[in-house]
Every structure is written in structure tokens, then in C-alpha cells.
Amino acid sequence: MRADPPGLNRRALLAAPLILAPSSLAACERFASAEVAPGPDAPPLKSLADFPIGATGMTGQLDDPVWVAAMRRDVDQITPEWELKPERILQPGFAYDFSASDRMVDWGHEQGLRVFGHTLVWYSQGLDQFTDALPTARFAAEFDRYVSTVAGRYRGRMVGWDVVNEAVAEDGDGLRDCVYARKLGPEAYIVRAFEQARAADPDAVLFLNDYNLENNPRKGATFLRLVERLLAQGAPIGGIGTQSHLDIEIPAGQIRDFFRDAASLGLPIHVSELDFPMQRDGGRAPDLRSTADRRAQQVARVGELAEAFMALPARQRFAFTTWGLRDSDSWLVREEGKNRPNESALLLDGEGRPNPAFQAVAGAFGR
Ligand code: G3I
């Protein structure tokens, strides 16, 4: 087990009085200075809320009894981390391989979990088949066939789908250039994907999903304006997904402001991929923060997010999903992610015990 970083005292944290109903950011900031204590086993994550708590899972975890037990204890919903993506399903010659996706969807239902589909169309995937050189008529036909076949295969078994993922430009200035936009139109491909998904599965809630919406207010605003335009074009968007891979160094209030603006669309909101890395991405100034300072920043921002989610009308709280259940399950520690073995960016540590941010979420959720 990875030892707690020096200076962390979990016992003091869990012994600290719960902030039961803070309505101000000051409450979160106040909590941020608390220490951390190993303390007793935390209550199951899913007992903290009357809306679904989700986490990701992968076929490689299904034979791990410790992970299976933790998922059964802590969550109501699973998002297959990669098995429902074009990178795994779409094969050469526009063939499909559903072996991994079927296993994940079947497993989720065997455990009595809601299964959330991620993702039908993503700018960065399917590019070996969906190329600029493909005649547009064939491109369109294969695009429609892919979305309708995948969504149709799991008709009635998915609570929702990220129909299109990460359509907004990285810096929030307009939409992302991608082969789907170039071949079918910058917004038309999105409308098309939603229409195909709706026809294939009338019951799944259909989401537009993106990241850095809280971290970058410009991107958040562009995303919300895009949703409004797509709805005006008749796209059957049923919800918005904010990935919430939080930059814990952003100013207080940005998260609250995004959720306030997002709520005004009246759609269900899915916190779809929450994590909150302690370690900075490369390219920034040398990181002189202490572990305690980073933990305090995590607690403050995650507490703000949880409070903002709780401030939504109940009908707009679709689900609260972390991208991995325990620190050891995070893409951040894996090679294809950030390859940071000591990262601690989730509510539970590698042993399934509460990290400091757990208490902030529990407090915001009123438990
Ligand atoms: O498990 C297989 C292994 O059997 C195989 O040998 C190996 C080499 O092909 O691949 C392994 O699968 C990898 C998988 O992660 C599981 O580790 C895939 O190659 C790799 O592409 C996949 O990366 C995922 C990535 O999205 C791309 O799909 C990450 O797990 C996943 O955490 C990440 O998630 C994204 C969201 O979809 C969108 N938002 C950002 C988020 C983080 O980047």
C-alpha cells in the first residue's frame, strides 16, 4: 500500500465536524485546512446521495475480487472506461468487435448496476476507418451505421450515452476540427449522431460530454452555447456531461459559476469523469506546494463541485461519476494516462479508504 504522504493525518480529518449544509464557498475553504486521518471505514459512496454514484471499470478488473467487492459496495453505476469506444469496437473494413463491450455491459447488469455508455463519437477515435479520403456518401453511411448499430445493440440496457465527446476546441475558441466535422459539417455531425442514437435507443438519455468546462470558463461558455444551438437544430440532447477532471489550482467560484450557467439549460447534468490530480501537468512553473497544500486545494475544489451539484434541482442531478473508483484504478497512474504511480486524485485511496476529498463530498451531500 502506498504510504500517506508526510504531514497527512487522516484521523483528524474524519474526526472533524461534518460541514452539513454549507452554502458558501467559505465553508469549503474553511474545510480545506483540515488534516486527514485514516479513521474508520467510510460509509459506501452510494450511501452519500439519493442520486446515482458511478465509477469506471474495465474488463481487466472484472476478475479482481477486491475491485468487484468495492464496486458492489460503493457505486450504483458503471461507465466502461474504454470498451464501448470506437478504438475497441471499430475494426478494419468497418467491421465491429463487440466482445469486450458485451462483457462489460453484461457484467454491469449482473451486478445490478446502471450502465452508462461512453462514447459513440469522439474526434480522436475511429480515424483509421473514418478518413478524409473516404467518399463523403460512404463516410456518412458508415457513420450512421456505426452509431445506430452500437446504440441499437444495447437498446434498453444503457441509462445514457455520451453520444459525442469533446466537440469544443481545446482553448474554448469555437469547435474542434476533426474528420467528422470536415466531412459532415462542424455541427451537423453532432446533430446526426444524436438523431441516429435516438432512433436506435429511444430510452437512453443522450449526452454531449466535454472537459475543462469548469477549469476554463471560456470553454464552458462555448460548450453551453453549442448545446443551445444544437437543441435549436432539433438535436435530441437529453443531458450535458461535464467530465470534471479538475485543476485544483483554479480560483474559487469557477466551478460554482459553471454549474449555475449549466443549470439554466434545464437539462440533467452528469459529473461524468471526476478526478482531481495532485500533480501538475508538465509545462507549468516548478511545483512548490506541500502535500498538505495540495490536499487542501483538492478538498476545496471538490467540495465546491459537490456543493454546486447539490444546488441543482434534483431532476437535474443525473449521476456523479468518478474516473476510477480508487486511486489505484485511475488512468492517471497508468502508462496510457499520466504514468504517475503516486497520484491520489479520487475519493478513495488504493485500499478503498477515504481520501480527504471524501469528507468534503459527504458534507456537501448532507451525509
Ligand atoms: O487493456 C488493454 C491491453 O490489454 C492492451 O494490451 C493494451 C495495448 O493495446 O491496451 C489496453 O487498453 C488500453 C485501455 O486504456 C485500458 O488501459 C487502451 O490501449 C487505451 O487506449 C485506453 O486508454 C483510455 C483512453 O481514454 C483512450 O480511450 C483510458 O483508459 C481512459 O481512462 C481514457 O479516458 C478518457 C475519456 O474516455 C475521455 N475523457 C478523458 C479521459 C482520460 O483521458
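The values are calculated or read from the model by the stated rules, or taken from the named source; none is laboratory data. As the structure is a computational prediction, the values presented were derived from the model and not from experiment. Note that each Cβ is placed from the backbone with ideal geometry, even for glycine, and that neighbours are counted across all protein chains shown. The accessibility values were calculated without ligands, DNA or RNA, using every heavy atom of the protein model including side chains. Shrake-Rupley method; radii C 1.70, N 1.55, O 1.52, S 1.80 Å.
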Requested in this report: Go through segment 41-99 and give me each residue that's farther than 22 Å from Arg157 by Cα and of a type in the set (A, V, I, L, M, F, W, C).
Outcome: Ala42, Leu45, Leu48, Ala49, Val66, Trp67, Ala69, Ala70, Phe94, Ala95
**Report entry** Residue within segment 348-361 that is touching a residue at least 24 places away in the same chain (Cβ under 8 Å), small (Gly, Ala, Ser), open to solvent by less than 10 Å² (accessible area, probe 1.4 Å) and away from the ligand (no atom under 15 Å from the Cβ) present
**Finding:** yes
Query raised in the report: Is one or more of the residues making up segment 279-294 more than 23 Å from Pro52 (Cβ to Cβ), buried (at least 21 other Cβ atoms within 10 Å of the Cβ) and either among the acidic types (Asp, Glu) or out of contact with any Leu (no Cβ under 9 Å at 6 or more places or on another chain) (or both)?
Result: yes
Query raised in the report: Which of the residues that make up segment 75-90 are assigned to a loop (DSSP other than H, G, I, E, B), near the ligand (Cβ under 10 Å from one of its atoms) and not aliphatic (A, V, I, L, M)?
Result: Glu81, Trp82, Glu83, Lys85
Report task. Filter segment 238-270 for residues that are away from the ligand (no atom under 16 Å from the Cβ), open to solvent by 10 Å² or more (accessible area, probe 1.4 Å) and not charged (D, E, K, R) and give the result. Result -> Gly238, Ile250, Pro251, Ala252, Gln254, Phe258, Ala263, Ser264, Leu265, Gly266, Leu267, Pro268
Query raised in the report: When residues of segment 93-109 are filtered for being within 15 Å of the ligand (Cβ to nearest atom) and either over 17 Å from Thr56 (Cβ atoms) or open to solvent by 40 Å² or more (accessible area, probe 1.4 Å) (or both), how many remain?
Result: 3
**Report entry** Arg103 modelled with pLDDT of 95 or more, basic (Lys, Arg) and over 24 Å from Gly238 (Cα atoms)
**Finding:** yes
Requested in this report: Please find, among Ser344, Ser330, the residue that is open to solvent by less than 10 Å² (accessible area, probe 1.4 Å) and within 16 Å of the ligand (Cβ to nearest atom).
Outcome: Ser330
Query raised in the report: Filtering segment 47-70 down to residues that are crowded, with 19+ Cβ neighbours inside 10 Å and more than 16 Å from the ligand (Cβ to nearest atom), which residue is nearest to the chain's Cα centre (by Cα)?
Result: Ile53
Requested in this report: For Tyr211, state whether it is of a type in the set (Ser, Thr, Tyr) and open to solvent by less than 10 Å² (accessible area, probe 1.4 Å).
Outcome: no
Report summary line: Those helices (runs of 4 or more DSSP H) completely within segment 110-201 that have 3 or more residues that are open to solvent by less than 60 Å² (accessible area, probe 1.4 Å) and in contact (Cβ under 8 Å) with a residue 60 or more places away in the chain are 188-200
Report summary line: Of (1) over 16 Å from the mean Cα position of the chain (by Cα); (2) modelled with pLDDT under 95, Val333 satisfies every one except (2)
